[in-house]
Structure formats: structure tokens, C-alpha cells
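Please read the structure below before turning to the comments.
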Amino acid sequence: MSYLLLLIWSYVALTAEGKVNADGTSLAGVKLRIHKRGIDLVRDLANQYAQSNLNKLEIPDFNGTYVSSNGCSASYAFSKITILDLNPGSVSLIPSPPNIATISVSGADISVSGDWEASGSLIFTIFGVLVPIQLDDSGTFRIDVTEASLTQSVTLGYDSSTGKPTMIPSDCSESIGELSLDVDSELGIIFNFLANTPSNTIKDFLEDQICPGLKNIVEGQATEYINSTPFIVPLFFDTSIFLGFVCEPATTEDFFQFFTHGRCFPNDNPDITYDISPSETPLLSLTDEMARVSISDYVIKTLLHSLSANEFFHYQVDPDQILDFLGCDLVVSLLTSLIPAMQDPDYNGRPIQLSTYPPSPPSADFAPGEIRMAGYYSIDVEVILDDGSVEPVASATAYATGIALVELNNTIVTGKITQPAVDSVTAEGLPATVLKPVLNALLQNAVVPALNRILENGYELPNAIGVIAFEMPSFELKEGVLEIGTDLKLAD
């Protein structure tokens, strides 16, 4: 059952780092809200889970003593109790404030079996005659329970040191409607009559075992799942995103809402730090979609920092590519003629290569309908010597801007950078005033096309668990935030 509640966390496809204000408003980079229809899907999943997993409930051995009205007594014991069959009936998942999830099961039918033994002596009155019965027997038994009900509430929380979710079982109630006991005995009808006599006691015992047993399942499976799950989703180009929580979930009668981390990081440096903080995003509105996610631009900013750390934006233009990327022989001749070092006889006429890279990570801001990109990129001009080594002869740094457009086709995200432009240039080893058209050509013909070839490949929306799949997702770019709305379905 703990798995059912952990599925709620698994809907968090992307998450982002944040903190909680004194008034409880989260500054998490991503807010996730699961609405009524989404909760209904979890309920259906809960029903499937109950049918296949509640048979793991461990029922301890049970013994007692039956004392008749004439003072005789017999002891009995039931052991090796296992669940044979279970029909969970109706299962519901109910959120309630401030951070409670309640699983309710009603109309359940359960059959269990095990071993029994009995010993002692009893006196029965049969047709007015006292008949003593000496018991010393053992065998198997079957108990059939019908119309059982169960309600288990769990407090949803988080571990502030790890960001991992916690689930603490709280209120629990149970009830067994009808119970029938069938005991296999050579004494036949007489012993079955005796065995059914303490049925109420057995019923009380079984009821007393359900909540403690369920508590052990929730705590045990939750601990096992949480300890084995890193809450990290791989992204691309050796980057990942951390899926820890930043505060307790918030629940009402209509939805679950979660506030989570989403600090992207390079895989070889998970502890990297950024001078970036998440900004507050608008509250999510109630919609008819199963789930809605609000992603602040903090996520893409940390992603760009991670890609930059992995040298994703580094690009080298080889000698045989320069003509294609700079556009024409005139631009190449202009570039080499402007570099004083190229007039040296040792360098004149030698092939050159260009190395481009950002001296600092680029920035990105969500805006209505687009993502505004900006950042510095540097270019080093290097002469290739006879031995294959390179000698830097000039360098320049440009501040460039561009617009990124994003499309979502089913669950595949694609992107394209448009309107690239160089705004300013600083240079060393060549005049900056005439470099702007050269760097614009390099940006438009080399850097941006290379990035677009990667972005146009498309990437699947990250999903933390394969049991749930997105259905007909849509997105909307707003000021400072990207909102994704989607229905959900059980994965094939």
C-alpha cells in the first residue's frame, strides 16, 4: 500500500529547488497539482495493487481457550496462516488537509488457511445424555471473511536533510462483516461445532491484526522503496535532475500538491553549486486536466549551467569548415587580414581553426510564447602549425541574444533557436569594431545550426516511473514559468 502513495510522488516529471515562505507558499521551481480525475486514476491503480499485494499481510499465530458452561475447557491454536484469495472490493484514495492521504477499502472478501490443533475435554448434552469428549487432534482450517472494510490514513511529509518523501501511518480502522470457519477433523460435525464457537474471538483477533500488519507493510515497503530510489532522473548529455522535496505536500479535498527540488547537475559533479535562486511562480489554477505542473525558469537556468560545465556549448570549426560557416572567401580573407599576428611570415598562409565556447553559462528566461536566451560566447583564432599543434593568435568575446521556441508533439519536446544576434564585442589581437559581422556570421552559420540539430532531435518528457504515462499533454509559456497540463493513463 505504501507503493500506492509513492506513485503520487512519481507523477513529478520535473522538479526544482526551492524553499517555503512563512505563509507556506512554496518557492519551489516546480509545483505539481494532481486534480480529481488524476486521483481517480491512482485509485484504479490502488485497486490493482490491492489485489496483488495485500496477500503479503502477515497474520501471526493465534491461540486461546474455550470454557464451557459446565466448567470443562479445551485449548486451541491456529498457525501458519496464509491468505489464499482476496477481492478488495471498492478502493478509494482521499486527500484531506493539510497533508493527509487516506486509502479506503470496502466490501472486501478474504480467504485464509492454516494449521490448527486442539486439546482438552468437554461435555456435551446429546438427547439429555451427558457425553464427554476428549480432544487431542490437529489438521487444517479455512476462514472465509466477507464484507470487510479498512481505512488507513497516512501523513505525507519529507526528510529535510535528503529531500526524500516520508509516510507515517496514522489513523486506521477496520471491520469484518461475516466470518465462517471450517475445520478439518476426524470428529466431524462435533468438532466443527466446537471450532465455530469461538468465532467471535477469532474475528476480534483478526480485526486486531489488520491495522498493525498494514502499518508494518506501509513502513516496511515505504522504507525499502525510498532507500532504493535516488529520486534522480537522467536527462541528456550527462546531466540529471534531483527529485527531492523541499517541503511537505499540501492536500485539500480536491487535489494533491507537491513542491520539489529540480536542481539540474552534471553527472560527474552532483554537488555543484550555482548562484541562482528560484523565483516565486503563480499559483496553479484548478483545471479539468488530471495533472498540472508549473516549472519556473530556475530549472532551465540550472540545466544550462550543467550543460556548460559539461562543455556542451564548446564548438570547434576546423579549417575545411571555415568557408562554409563564415559564408564566403571575402569574410575569411577579412578575418585573417585583420589579425596582426597573421602577417608574421611563420603564420601567413597557414590554415586556421576557430574554437568557440561560453566564458560563463548562458541565461534563459521564460516569457509569453518563447524563451529569451542571452549570454557571452568567446572565439579563439588558432593557427595550425606543421607539427599539428595550434598557436592562438587572437580572441574575441561577444554578447549574443536569441529566442528559443519550444514545441510539444505528444510527449516529445523539440526546440529551435531563432533570431540570433551579436549585440557587443570585445577583442584581443584584432580590431573589435569590424568583428561584429564576422561573429554574427559565425553565430548564425555555425553555433546556432549546431545547437538546433541537437534540439530538433526531440526528447521524451521525463517521467519518474513507468507505471504512469502522459496523455495529450499541452504547455503554455508565461512570464517566468512554463505550465504543462496533461491527462494520465496506465502505461502499456
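Please treat every number below as a calculation from the coordinates, not as lab data. Keep in mind that this is a model prediction, so the values were computed, not measured. Virtual Cβ from ideal backbone geometry, glycine too; neighbours counted across all protein chains shown.
Annotations
- Residue-wise HN-Hα coupling along region 411-418, computed from phi with Karplus coefficients 6.51, -1.76, 1.60 (Hz; x: Gly, Pro): 10, 9, 9, 10, x, 8, 8, 10
- Under-5 Å amide H pairs with Thr239, H placed in peptide plane, nonlocal only: Asn267
- Two-site label geometry, Thr223 and His314: point separation in nm, points 7 Å out along Cα→Cβ: 4.6 nm
- Under 5 Å, built H, 5+ apart or other chain: amide partners of Thr166: Gly157, Tyr158, Asp159
- Backbone HN-Hα couplings from phi across region 388-402 [Karplus 6.51/-1.76/1.60, Hz, Gly and Pro as x]: x, 6, 10, 10, x, 10, 6, 8, 8, 10, 10, 9, 10, 10, x
- The ranking of Tyr377, Tyr66, Tyr298 by Cβ neighbour count inside 10 Å, starting from the fewest, reads Tyr66, Tyr377, Tyr298.
- Within the straight-line cut-off of under 21 Å between alpha carbons, the lysines reachable from Lys203 are Lys56, Lys80, Lys215, sequence neighbours fewer than 8 places apart in one chain being disregarded.
- When Val233, Val42 are sorted by how many other C-beta atoms sit within 10 angstrom of their C-beta, beginning with the fewest, the order is Val233, Val42.
- Residues with amide H under 5 Å from that of Val246, placed H, sequence gap 5 or more: Phe259, Thr260, His261
- The gain in end-to-end length when the Asp204 to Phe237 segment is fully stretched comes to 6.0 nm, 0.36 nm per residue minus the alpha carbon separation.
- Ser277/Asp344 FRET efficiency (R0 41 Å; Cβ-Cβ; nearest 0.05): 0.25
- Neighbours of Ile81 by Cβ distance under 11 Å: Lys/Arg scored +1, Asp/Glu scored -1, total -1.
- Legend: calculated FRET efficiency, Thr146 to Tyr459, from the Cβ-Cβ distance at R0 = 41 Å, rounded to 0.05, equals 0.20.
- The order of Thr433, Thr414, going from fewest to most other C-beta atoms within 10 Å of their C-beta, is Thr433, Thr414.
- Karplus-based coupling profile of region 60-67, in residue order and whole Hz: x, 4, 9, 9, x, 9, 9, 10, with θ = phi - 60° in 6.51 cos²θ - 1.76 cosθ + 1.60 and x standing for Gly or Pro.
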